[in-house]
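The values are calculated or read from the model by the stated rules, or taken from the named source; none is laboratory data. Every value quoted in this text rests on a predicted model; they were computed, and no experiment measured them. Glycine gets a Cβ as well: all are built from the backbone with ideal geometry, and neighbour counts include every protein chain shown.
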Amino acid sequence: MTDQINVLLSDDEIIDDGLAVATDLDDYAPGSTAEILASGVDIGGTVTFKIDHVSGPGEDGIYGTADDTIVDLGGDGHESWSVTDGGEGDLDGLENGSITTQWYVNPDDSLDETFILAATSETDVAYWSFTDSLPAPIGISQVESDLDLTALDSPDYQDESGAVWTNDIFGAGTGVISPFVRIQATGNDSSQDGINTSGEINNDEKAQANGYTRDLLLSEVALFNASNNEVLDGIDPDDPTDDFAGNFYEFRLDINENSNAKGEQYISLDEVMIFVSTEANLTLSSGYIVDNKSSTDLTNELLATNSLDASQLALVYDLDALNDNWVALNYDLQAGSGVGDIALYIKQSDFTDAISLLNDTDAGSTFDGTASTTYVYLISSMGAEGVGEAPELNADDTYANSGQTQAADWGISDGFEEWSVLKAQPFGAIQGYKYQDDNADGILNGDESGISGWHIYLYADANGDGQFTINDVYNVDGTPISPVRQSQTLTLEAAGGDATLVGSYSFDGVAVGDYWLVEQNFEGWFNSDENSKTFIDPLTNEEVLFVHSDLISVTTGDIIGDTDAERETTSFLNYQKVAISGIKYEDGDADAATTNDQTPLAGVTIYLFFADGTPVLGTGGNQLTAVTGADGKYSFTDLDPGDYIVSETDTFGDSDDGTASSVTVGTGETAKTYYAVDDITETGTISLASGQSSDTNDFLNYQKVAISGIKYEDGDADAATTNDQTPLAGVTIYLFFADGTPVLGTGGNQLTAVTGADGKYSFTDLDPGDYIVSETDTFGDSDDGTASSVTVGTGETAKTYYAVDDITETGTISLASGQSSDTNDFLNYEAGTIQGYKFWDMDRSGTWDFEDTNNNGVRDDEEVALAGGEAGAKGWTIELYQDDGDEIFNEITPIRTTVSDETGFWSFDDLEMGIYFVKEVLQPGYVQTTPDAFGDGFFKVEISASGEVVLSDMAGDLLLFGNDMIDGPGVRTPGFWQSKLGQTFWNGDPADDGDIQDRGIEKTGDEFADDDVIVLRYGEQPDENTNPDEIPPYWDLIGDGELRLLIGDWDWSAVQEGDEEWYLDGAGITLVEALNALQGNGLDGEKNRGKDWGKTELIERDLVASWLNVMAGNDPNMTTPLGEDAMYWIDQAIYYLNGLNEADRGDKKAAWGSGVRYDSDNDGDIDSDDAFTESGSDIHTALDGWNNSGDLYAFNVAFDGDNGGTVSAQSYYSAEDQYEGVA
């Protein structure tokens, strides 16, 4: 029987940080006791132990693991038992985290078996494996036998040298075996020894009659391995892990002992040595005793006796090479001569190694290192153990297992012993590989690997016809023909870790003949390079596939498959089908980066192409397609390895025109169009090797989305009321992405829609996403507080509309695949208009007097003023203010201004709804008669309906501004002061001002009753937003108790600064001095008769009168075509008078005609560097003309006092009581 040789795991491999278990020995004899130690136990914890037989190591190939194959052999002792740490069953008696217990190896089912030990705690399981082998022979005198072959159930042994010993050998007649040495003791010797040789016989060798003792060539020795020898194949033919690995040469020993006397059937084999040599006829010297000799002794003996060189002899095997071994034999097991009792298998590699040491340099030597030129010499010695004991056997020659012994005579008792080999036959060998053909092309490529564990069968060409027929695999009676041999391709472990040998197989010792190689059939595997035949099994009537090689002819010594060319015949290429699958999704946002919005899409057809774009054809020659299921999944199976592309369109290749490719799902009314996300309608190239699959070939699709709404004109601009909303046609609507980027349409222009007659607009064919719809082409609502506007129509038909509540755009509209949004409405109202007129209110009645033929309150173009009627005023500025929400006119800056036309008409168009204030800009020299008589009034107006044209204010009054011109003062000589305004004087104190407008003058005393002078308020003036009491009068700025005129103080600051020059310089003149000057008496009031050489008094009169005219509001900057204005001549008069004060008499006399030097360079001195003023005569002429008639050199530069004039008038204000009869 074959010994089960196990590789046990080391402690490090099976013990982790938790529970672990082990036995004190790896192997036990039947009837012995195993000691068990469990460690890693919880302190005080309990462990349950159980031991079972196993028949194999399971899928992992390792004994002592959870997947070992447990079998029940019916013996006792396999019940579980529990032991508590430190408890009664714990042999160490300590509560220390480890448990020691024992198990009896029951002989009833233990011999030559393998066991698994399981230890289970509350939280963990640990495993261990051990074996039970036969003990050494019992009671042998003096020495123990290492190899006991005395029973039929003796195990097979592999000794330290790797040789295999067995008594499990089939009987063989003399016609089958070929003896090469017989040994028989002479006389009464109890031991014998000898050597096979064709030379001289000097020991116990039998005579060479019939060739029983002869030279032996290695080529005569049969070579076996696990594939063709039951012994070498181990216990389980289907388990390669218990095989004896490698090739072995077989030597057989036939013993012939006396079986009549008890114990004489035994014999000991004490010495066995095998040598190889280049020479024939080697022998031992006469009487040489082999027993107890070392291999060195025998080597020297052979070299000396046969006159050999060391290179002509080499040792192959020595039974005692490592230990003093002997083999116990029993003749009764195979009684009779010509029958093999034991077999000895020596590794082929041992012979190869020994032969490599040989080198025969003798002339004429035929040695070439091959088996046919190598001689084998086997030297053996037997019977030296003498009388002793052997294990007791049962009647059937099996171990009694009683532990008893019986007497044994190991010496020579009768007959001869004979070594033999199987008779030589012509043999060859076949070797090959099983490869995975990754690309199924039937060609072995360099990167394709072997397939292990696949059976290859060898069938003979039964009828020798060279054709693979049913007769080669089935008998005439229908039963299957067993293959001549079978092999299994090597795993990595079986190949000794050599990856290049994985998938290889070999048949050694194949008899010469013709054969077929047939591979094992495996479901799901296909052959790509060999022939195949399908036969009907005669017994089952089922089809059976045979994949076979071409005919292989084996010749003597030939190794078929050892060349690349032959290996193509002996190797098989196989592949598995491949598969492609994926899921079709509807992608809500059409964005592959987000996955939480993807839902399966059913009913979509998917198309399969080869990578070059050729459609993959299915049954009937049609393109191979798949339809997605309810879960969106599709798959293509049963495909050959190769390169594929999956497409969701039947036309290969993504769209390249910039638009997303589309697919239609469903038919008729249920059909829907879907678009490919990112325009990806096909996968990349999917390269699949044998057995591979690709399952991530997903497609993302989406339906287009739509946005729509209605554009309304909202009559009251109030979204809360809907009964006044009417559709608004012809309005352009703009589409943006949510980030404000315009959505572009065809041609790269922004996508727009125009509302129809029903006010509706729509954007279709949009990708899912976030959008904003706007009624303006500029993104974002107005943020300046005014309503955003849109223009509808063009040219004269154009109308402006405003957004209700300033809402010109929707919020973000988020649309997923297939969704639509149809409530994106816009409310607008047409811009309003405020219109009115500006007219000349000649009678200051506050009403417009004309022939109102259509009774509309305003003078239309066709209506002509009656005699004495009033006309429209052209060129007046009208201001529009928008209410800030408090309905009080406190706004400062107008939002618009306009100017009245020739009819007086003015208008503000394109206005949003709301409250406004309308005000005119008063011009100098005019008084307002309406809306606020003699004031600066305004209208409060409201636009409250879409498109409203407002003609009246909120009080119902027409929007009419009436004005009339103030009479005078103009510019005059001093006689002008006697105007109809009366003779008044103002002292500069606001408390004494009786003018309701804070602008006029009121007489306050009689001091100057006969010769009063008009002195208008002078300097900074308060306005309606300033408290006049907070502004000091100008007189307070300059006065020291006496009022003054600061002639030349053009900036009215009361401070002489820069290049200003006053008269008088730095002080001005008093009002009394001014009155004196106006009366022609000079400042001092005394006329200088005959002594006023420069006519100072005349120029003083002109200067004071001119300055008073400036103070009255006359504009000194009005210029003539010659360029000089009144300011120039006033400054010349100041320079003239100040210059005369410092001039000598002669200069004063010349001044009237030539002017006088003045401080023109502002250095404080008048000298020759300074220029001359205009002549006194020219100064008088200019100022006198301006004062009297308002002209300079005959050019009018001042208001002439006529009603209706359009020249800018001088500002002038007077008391209310001057305008009698005005409402």
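Applying the criterion of at least 1 residues that are within 20 Å of residue 922 (Cβ to Cβ) to the strands (runs of 3 or more DSSP E) found wholly in the range 796-899 leaves 832-840, 877-882, 896-899.
Restricting 258, 323, 281 to those that are farther than 20 Å from residue 382 by Cα and at pLDDT below 95 reduces the list to 281. Being surrounded by 13 or more Cβ atoms within 10 Å (Cβ to Cβ) and in contact with a Ser or Thr (Cβ under 9 Å, 6 or more places away or on another chain) is a property that does not hold for residue 756. When the range 271-300 is examined, which residues are found to be crowded, with 17+ Cβ neighbours inside 10 Å and part of a helix (DSSP H, G or I)? Correct list: 295, 298, 299. The single condition among (1) among the acidic types (Asp, Glu); (2) crowded, with 18+ Cβ neighbours inside 10 Å; (3) not in a loop (DSSP other than H, G, I, E, B) that residue 529 does not meet is (3). Condition check for residue 39 on (1) at pLDDT below 85; (2) surrounded by 15 or more Cβ atoms within 10 Å (Cβ to Cβ): one failure, at (1). In the range 553-567, the residue that is surrounded by the fewest Cβ atoms within 10 Å (Cβ to Cβ) out of those that are in contact with a Gly (Cβ under 9 Å, 6 or more places away or on another chain) and not polar (S, T, N, Q) is 557. Scanning the range 477-492 for residues that are among the charged types (D, E, K, R) and surrounded by 12 or more Cβ atoms within 10 Å (Cβ to Cβ) returns a single hit, 485. In this structure, residue 219 does not qualify as more than 60 Å from the chain's Cα centre (by Cα), buried (at least 22 other Cβ atoms within 10 Å of the Cβ), of a type in the set (Gly, Ala, Ser) and under 30 Å from residue 305 (Cβ atoms). Yes or no: the range 1037-1044 includes at least one residue that is modelled with pLDDT of 70 or more and either assigned by TED's automatic domain parsing to the domain that holds residue 1185 or among the small types (Gly, Ala, Ser) (or both). Yes, the range 1037-1044 has at least one match. Looking at this structure, is residue 433 among the hydroxyl-bearing types (Ser, Thr, Tyr) and at pLDDT 90 or above? Answer is no for this residue. Kindly indicate whether any position in the range 1170-1180 is at pLDDT 85 or above, in contact with an Asp or Glu (Cβ under 8 Å, 6 or more places away or on another chain) and farther than 20 Å from residue 1095 by Cα. Scanning the range 1170-1180 turns up at least one residue that is at pLDDT 85 or above, in contact with an Asp or Glu (Cβ under 8 Å, 6 or more places away or on another chain) and farther than 20 Å from residue 1095 by Cα.
Residues that are touching a helix residue (DSSP H, G or I) at 6+ places or on another chain (Cβ under 9 Å) and surrounded by 13 or more Cβ atoms within 10 Å (Cβ to Cβ) within the range 493-504 comprise 494, 495, listed in sequence order.
With respect to residue 158, is the statement that it is closer than 30 Å to residue 457 by Cβ, over 60 Å from the mean Cα position of the chain (by Cα), at pLDDT 85 or above and surrounded by fewer than 20 Cβ atoms within 10 Å (Cβ to Cβ) true?
When the stated conditions are applied, residue 158 passes them.
Residue 880 falls short of the stated requirement of being modelled with pLDDT under 85 and not assigned by TED's automatic domain parsing to the domain that holds residue 715. Of all residues in the range 724-742, those that are at pLDDT 90 or above, more than 30 Å from the chain's Cα centre (by Cα), more than 17 Å from residue 753 (Cα to Cα) and in a loop (DSSP other than H, G, I, E, B) total 0.
Answer with yes or no whether residue 268 is at pLDDT 95 or above, crowded, with 21+ Cβ neighbours inside 10 Å and of a type outside the set (A, V, I, L, M, F, W, C). Here the answer is no, as residue 268 does not meet what is asked.
I need the full set of residues from the range 389-412 which are among the acidic types (Asp, Glu) and in contact with a Pro (Cβ under 9 Å, 6 or more places away or on another chain), in order please. Selection gives 389 alone. Would you mind stating whether residue 595 is under 27 Å from the mean Cα position of the chain (by Cα) and either closer than 17 Å to residue 676 by Cα or aliphatic (A, V, I, L, M) (or both)? Here the answer is yes, as residue 595 does meet what is asked.
The number of residues in the range 910-964 that are assigned to a loop (DSSP other than H, G, I, E, B) and among the hydrophobic types (A, V, I, L, M, F, W, C) comes to 10.
The sole residue among 927, 918 that is closer than 25 Å to residue 800 by Cα, aliphatic (A, V, I, L, M) and buried (at least 18 other Cβ atoms within 10 Å of the Cβ) is 918.
Can you find a residue that is surrounded by fewer than 21 Cβ atoms within 10 Å (Cβ to Cβ), aromatic (Phe, Trp, Tyr) and within 15 Å of residue 276 (Cα to Cα) anywhere in the range 385-405? Checked the range 385-405: no residue is surrounded by fewer than 21 Cβ atoms within 10 Å (Cβ to Cβ), aromatic (Phe, Trp, Tyr) and within 15 Å of residue 276 (Cα to Cα). Do we have any residue at all in the range 785-803 that's modelled with pLDDT of 90 or more and surrounded by fewer than 21 Cβ atoms within 10 Å (Cβ to Cβ)? No, the range 785-803 contains no residue that is modelled with pLDDT of 90 or more and surrounded by fewer than 21 Cβ atoms within 10 Å (Cβ to Cβ). Report, by residue number, each residue of the range 661-710 that is touching a residue at least 40 places away in the same chain (Cβ under 8 Å) and farther than 24 Å from residue 595 by Cα. 666, 687, 688, 689, 690, 691, 692, 707, 708, 709, 710 - these are the residues of the range 661-710 that are touching a residue at least 40 places away in the same chain (Cβ under 8 Å) and farther than 24 Å from residue 595 by Cα.
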